[in-house]
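Quick one: this structure, given as structure tokens, is what I'll be asking you about.
The values are calculated or read from the model by the stated rules, or taken from the named source; none is laboratory data. What you are looking at is a predicted structure, and each value in this text was computed from that prediction instead of being measured. Counting neighbours? That spans all protein chains shown, and the Cβs are built from the backbone with ideal geometry, glycine included. Accessible surface is based on the protein model in full, side chains and every heavy atom, while ligands, DNA and RNA are left aside. Shrake-Rupley method; radii C 1.70, N 1.55, O 1.52, S 1.80 Å.
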Amino acid sequence: DLNNNSVAVGAALETLRGARFEPGVLVVQADSSGCTREASFAVHIADSEGPAQISLTRETPDTCEALVPNGVELRWTYEELGLASGEAAVIQNPVRLP
């Protein structure tokens, strides 16, 4: 679920394999055992004076057993995130170094 609130207290931010912004889209590389989808995550946009603060928490565990060594690429449009084109944004999640 997308919402404009801060991350729930105690919710752990997902460690990502990567995150980038492309024209009109946030692209995230996440660990997966075969069942991870965009709907597996809650995306939170925190109100702030500066750039939009984006954080992702996994809501649905991936209990599949497929071999997905590079994880999966997930995409959210700026419209889905409630962001305007050109708006400054920061990903709050930790990113695993290669």
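Mind checking which pairs have a first residue in the stretch 19-45 that is at positive phi and a second that is assigned to a strand (DSSP E or B) and surrounded by fewer than 20 Cβ atoms within 10 Å (Cβ to Cβ), Cβ under 9 Å, 6 or more apart or different chains?
Sorted first by the residue in the stretch 19-45, then by its partner, the pairs are Gly24/Thr77; Gly34/Val72.
Kindly list the number of the only condition in (1) of a type outside the set (Asp, Glu); (2) on the phi > 0 side of the Ramachandran plot; (3) open to solvent by 80 Å² or more (accessible area, probe 1.4 Å) that fails for Pro69.
(2)
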